[in-house]
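The values are calculated or read from the model by the stated rules, or taken from the named source; none is laboratory data. As the structure is a prediction and not an experimental result, all values here were calculated from the model. Neighbour counts run over all protein chains shown; Cβ positions are idealised from the backbone, glycine included.
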Amino acid sequence: MSARPRRTAAALALVTLTGLAVACSTGEGAPAAGPAASGRAAKDVHVAFVAAAANLNFSQEMVEGAKYAGQELGADVQVVAPPGPDGQAEVGLFQQVIATAKDGVGVMTLNPGEHAPALRASPVTPGPRRRGCR
């Protein structure tokens with residue numbers, strides 16, 4: 001991957017991960033301003049990203065960007081993806097990461113219909129365009 005697409009992917013992932021951290025509520029319905037507002041260090045932020053498939057170019061760039069953003073921010077970012085497009089495998093990975101990613105889970109899926117039952121059954125709190133904020 002050339003430097004420009006890599007920077008673009010990293011920037012998009014950084015925005016996504018920052019959005020996950022900011023989207024979490026303070027408990028009073030107001031958005032938090034990130035880990036610093038709650039007195040938490042970035043290293044104490046645990047988020048995950050479930051990508052659609054490890055073998056797809058756009059998915060690979062999202063995975064690399066998420067990893068890079070985690071390194072840059074100093075946050076714990078768990079990134080997982082099935083080897084190829086597989087909705088059931090994506091759901092299984094989502095169900096695994098919700099146990100450890102207490103601050104948010106981002107999902108990029110090619111099979112949104114398969115995720116609906118898992119989201120309804122999960123302990124995460126759904127929100128507009130985000131899942132997993134507590």
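Looking only at residues in segment 103-134 that are assigned to a loop (DSSP other than H, G, I, E, B) and modelled with pLDDT of 80 or more, which one is nearest to Gly70 (Cα to Cα)?
The extreme case among them is Asp103.
Within segment 76-102, which residues are assigned to a strand (DSSP E or B) and either surrounded by 22 or more Cβ atoms within 10 Å (Cβ to Cβ) or not acidic (Asp, Glu) (or both)?
Val77, Gln78, Val79, Val80
Which residues, counting only those in segment 42-75, are in contact with a strand residue (DSSP E or B) (Cβ under 6 Å, 6 or more places away or on another chain), crowded, with 19+ Cβ neighbours inside 10 Å and in a helix (DSSP H, G or I)?
Those that are in contact with a strand residue (DSSP E or B) (Cβ under 6 Å, 6 or more places away or on another chain), crowded, with 19+ Cβ neighbours inside 10 Å and in a helix (DSSP H, G or I): Val63, Ala66, Gly70.
What are the pairs, 6+ residues apart or on separate chains, where a residue within segment 114-130 that is hydroxyl-bearing (Ser, Thr, Tyr) has its Cβ under 7 Å from a residue that is at pLDDT below 80 and surrounded by 10 or more Cβ atoms within 10 Å (Cβ to Cβ)?
Pairs found: Thr125/Cys133; Thr125/Arg134.
Please go through segment 55-81 and pick out each residue that is under 12 Å from Met108 (Cβ atoms) and of a type outside the set (Phe, Trp, Tyr).
Leu56, Ser59, Gln60, Glu61, Met62, Val63, Gly65, Ala66, Val79, Val80, Ala81
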